[in-house]
Amino acid sequence: MPDRHHLTPALLALLLHACAGVTATPAATPQVNSPAPGGATPVIPSVLLGEPFRLAYDRLVRVADTGVSLRFAELLEDSRCPPGVQCIQAGHLRVRLELSPPTGAVESLELSTDADRNRGSAAGLTLELQDAEPAPAIVKRAQRPDHYTLTLVATRGGG
């Protein structure tokens, strides 16, 4: 049976050698709108006017140079026809957004993937819904709202 005193330095050398290749990784970047450490205010990302941006369900962004905060508040309907499937109707996706101007009450705005309802105005902004993910599935199953992400563009003007 080997002497324990001879194994200890050998194991220590092996462990030190194995750990030599390990480097510390920086702390994970907090997710947008997740509670900040110590209960601090969460980080709200800023998006540019006239530039497409993605907005996940129940997340906030602030539209630069306006002070307006925007939240994807509710998935109202998703009856879109899946890609590669021939449907009687194309269907559509409807969502409700909440816009919070720096002063004043929160305003709601409903947008749809329908060509005549994909643009609307509130809180001094016009928003256009350009895309929504996930794409509809061939096998219809209830998608959870928190799986959805919208692609939007905000411009000045309107409501």
remark   = Those residues of the stretch 112-139 which are among the aliphatic types (A, V, I, L, M) and either open to solvent by 70 Å² or more (accessible area, probe 1.4 Å) or closer than 21 Å to A64 by Cα (or both) amount to A115, A122, A123, L125, L127, L129, I138, V139
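In the list V47, V43, which residue meets the criterion of being at pLDDT 90 or above and out of contact with any Pro (no Cβ under 6 Å at 6 or more places or on another chain)? Outline the logic, then answer.
Values: V43 fails: at pLDDT 90 or above.
On inspection, the qualifying residue turns out to be V47.
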key: All positions within the stretch 62-78 that are without any contact (Cβ under 8 Å) to a residue 40 or more places away in the chain, open to solvent by 20 Å² or more (accessible area, probe 1.4 Å) and under 20 Å from R96 (Cα atoms)   = R62, G67, R71, L76, E77
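Can you report the number of residues in the stretch 82-96 which are open to solvent by less than 30 Å² (accessible area, probe 1.4 Å) and either in contact with a Cys (Cβ under 7 Å, 6 or more places away or on another chain) or modelled with pLDDT of 95 or more (or both)? Explain how you work it out, then say what you get.
First pass over the stretch 82-96, keeping only residues open to solvent by less than 30 Å² (accessible area, probe 1.4 Å): 82, 91, 93, 95.
Adding the requirement that they be either in contact with a Cys (Cβ under 7 Å, 6 or more places away or on another chain) or modelled with pLDDT of 95 or more (or both) leaves 91, 95.
Residues in the stretch 82-96 being open to solvent by less than 30 Å² (accessible area, probe 1.4 Å) and either in contact with a Cys (Cβ under 7 Å, 6 or more places away or on another chain) or modelled with pLDDT of 95 or more (or both): 2 in total.
The values are calculated or read from the model by the stated rules, or taken from the named source; none is laboratory data. Nothing here was measured: the structure is a model prediction, and the numbers come from that model. Cβ sites come from the backbone with ideal geometry, for glycine too, and all protein chains shown count toward neighbours. What goes into the accessible areas is simple: the full protein's heavy atoms, side chains included, and nothing from ligands, DNA or RNA. Shrake-Rupley method; radii C 1.70, N 1.55, O 1.52, S 1.80 Å.
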